[in-house]
Structure formats: C-alpha cells, structure tokens
Amino acid sequence: MDLVAKYADRDAGILDVGGAASVLVDHLLGDGYAHVSVLDMSAEALRVAQARLDSRSAEVNWIVEDITTHPVWVRSACGMTGRFWTS
C-alpha cells in the first residue's frame, strides 16, 4: 500500500489485475480509493471476493476478462491511463 499511496492519489483509477484472490481491493477501499476495478479471468474468484467485501463490493468495478486478449478494452472500460497497479 505504501507504493500505491506514493504514486496514486485517492481519485486515481486503479486496476487490480488478477486480483480476485488478493485482499488489495479491501485495503484500497479501506484507505479511501474511490475508483477501483478488479479484473480476473475467473468469475468464481470474483464472486468470492465480492462476498468477502459484502456491501462494499458495489463500490468496485468487477471485470471478468483475460487482460492478455483485451488490454485496450479493459483500460477503456476502467477509464484508465498511465500507471497500473497489480497484485
């Protein structure tokens, strides 16, 4: 989180690639980041993360996708440019 805090302000768009099994999204939301997207190719892994976050899951843009096949679409969908943070 120190690295994210150093380079991204709270209004930055952050894309956590392959992050469904990670708790990075929990920390990002807890630290007040408002534009968080989690991308994973496993819909089931995303469902587990959504259940873990409970009502806070509505604050996250969840994307079931393989970034290696659609990287431009993903960046556009998230409104992202510049730095990417991954777990």
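The values are calculated or read from the model by the stated rules, or taken from the named source; none is laboratory data. It should be emphasised that the depicted structure is a prediction, and the values quoted were computed from it without experimental measurement. Cβ sites come from the backbone with ideal geometry, for glycine too, and all protein chains shown count toward neighbours.
Scan the range 1-51 residue by residue and report those that are small (G, A, S), in contact with a strand residue (DSSP E or B) (Cβ under 7 Å, 6 or more places away or on another chain) and either part of a loop (DSSP other than H, G, I, E, B) or within 20 Å of T69 (Cβ to Cβ) (or both). I'd like the intermediate steps shown before the answer.
Of the range 1-51, the ones small (G, A, S) are 5, 8, 12-13, 18-22, 30, 32, 34, 37, 42-43, 45, 49, 51.
Now drop any that are not in contact with a strand residue (DSSP E or B) (Cβ under 7 Å, 6 or more places away or on another chain), which leaves 8, 12-13, 18-20, 22, 37, 43, 49.
Correct list: A8, A12, G18, G19, A20, S22, S37, A43.
Among the numbered criteria (1) modelled with pLDDT under 90; (2) over 14 Å from the mean Cα position of the chain (by Cα), which single criterion is violated by G19?
(2)
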